[in-house]
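No value in this document is a laboratory result; all are computed from the given coordinates. If you're wondering where the values come from, they're calculated on a predicted model, not measured in any experiment. Backbone-built Cβ (ideal geometry, glycine too); neighbour counts: all protein chains shown.
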Ligand code: MN3
């Protein structure tokens with residue numbers, strides 16, 4: 001039985017970048033619904049007590065009759081849990097330490113990385129996510145996924161993700177996804193992302209649900 005974790009900050013504390021009503025509906029309704037549907041899908045399957053990460057990383061061994069429900073709703077739970085963790089009311093402005101060095105190595109500099117990520121988020125057609133992940137060789141890469149597909153399905157460990165479903169921004173930004181993406185950078189908690197990077201390069205997935 002999986003449960004919704006409380007946020008470590010209040011729904012209104014990301015204003016004006018992400019508005020309180022969006023945060024409340026997104027967390028208490030959308031995320032809760034993914035958890036409820038995931039719990040219902042895995043009930044009686046033997047997967048109830050396993051981490052969502054483990055189940056998604058081994059999706060081929062999930063029975064066909066629940067596979068798409070597990071993929072969509074387990075992905076929804078894992079993706080949103082990471083999302084809430086990596087944003088904060090007063091985000092630290094820049095990555096530091098090992099992550100900063102890796103971003104410079106793989107993308108050139110922070111602005112070039114953001115530009116790559118922005119493109120992934122802007123060009124994702126319909127609903128989905130943009131991601132910064134670590135692959136099995138420890139390399140950093142930017143990808144995007146449709147729907148609630150998680151990078152863990154591809155063997156990646158995501159350390160930063162941006163939800164570009166309309167439910168994540170429509171109340172405040174309507175059709176202006178690029179404005180929402182720009183606002184996201186104001187609330188990224190790089191202190192957390194730095195720590196997740198150090199775990200991910202050691203293949204430590206324990207920070208994912
Ligand atoms: Mn969402």
*If we scan the stretch 153-169, do we find a residue that is surrounded by 18 or more Cβ atoms within 10 Å (Cβ to Cβ), in a helix (DSSP H, G or I), touching a residue at least 40 places away in the same chain (Cβ under 8 Å) and more than 13 Å from the ligand (Cβ to nearest atom)?*
no
*Checking residue 4 against (1) more than 16 Å from the ligand (Cβ to nearest atom); (2) more than 22 Å from residue 132 (Cβ to Cβ), which test does it fail?*
(1)
*Pick from 38, 106: which is in contact with a helix residue (DSSP H, G or I) (Cβ under 7 Å, 6 or more places away or on another chain) and either surrounded by fewer than 17 Cβ atoms within 10 Å (Cβ to Cβ) or without any contact (Cβ under 8 Å) to a residue 60 or more places away in the chain (or both)?*
38
*Would you be able to say whether some residue in the stretch 98-121 is within 16 Å of the ligand (Cβ to nearest atom) and assigned to a helix (DSSP H, G or I)?*
yes
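One line per residue, one yes/no per condition, for (1) farther than 25 Å from residue 73 by Cα; (2) touching a helix residue (DSSP H, G or I) at 6+ places or on another chain (Cβ under 8 Å):
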position: 121; (1), (2): no, yes
position: 129; (1), (2): no, yes
position: 139; (1), (2): yes, yes
position: 171; (1), (2): no, yes
position: 177; (1), (2): no, yes
position: 204; (1), (2): no, no
*Is it the case that some residue within the stretch 27-35 is within 11 Å of the ligand (Cβ to nearest atom) and over 18 Å from residue 128 (Cβ atoms)?*
yes
